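The values are calculated or read from the model by the stated rules, or taken from the named source; none is laboratory data. Note that the structure is predicted; figures quoted are calculated from it, not measured. Ideal geometry is used to build each Cβ from the backbone, glycine not excepted, and the neighbour counts take in all protein chains shown.
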Amino acid sequence: MATILDPRRAKAQQSLFDVRRIVRNSDEKGKTVDLDATFRKGRLDDVLLLAVKI
């Protein structure tokens with residue numbers, strides 16, 4: 001089963017991005033999401049913070 005969320009405009013550190021589709025996969029082990037995002041004024045280190053578990 002998947003949860004699909006509405007499009008959002010967001011900010012991570014110094015990067016701005018638009019997310020068109022967010023899917024949370026509840027049938028998979030752990031916590032996973034699929035994002036369809038377009039970064040405006042994005043910085044690679046900010047994107048990595050979203051992808052890496054700290």
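Please list, ordered by first then second residue, the pairs with beta carbon atoms under 6 Å, 6 or more apart or interchain, first in the stretch 33-54 and farther than 13 Å from L16 by Cα, second modelled with pLDDT of 75 or more and not acidic (D, E).
Short answer, once both residue conditions are applied: L35/V19; D36/R20.
State which residue is farthest from T3 (Cα to Cα) when the search covers only the stretch 16-37 and only residues that are acidic (D, E) and at pLDDT 70 or above. It would help to see each step written out before you state the result.
First, the residues of the stretch 16-37 that are acidic (D, E): 18, 27-28, 34, 36.
Narrowing the set further to residues that are at pLDDT 70 or above leaves 18, 27, 34, 36.
Values: D18: 18, D27: 10, D34: 10, D36: 14 Å.
By that ranking, first place goes to D18.
Restricting attention to the stretch 42-53, report how many residues are within 20 Å of P7 (Cα to Cα) and at pLDDT below 80.
Of the residues in the stretch 42-53, 2 are within 20 Å of P7 (Cα to Cα) and at pLDDT below 80.
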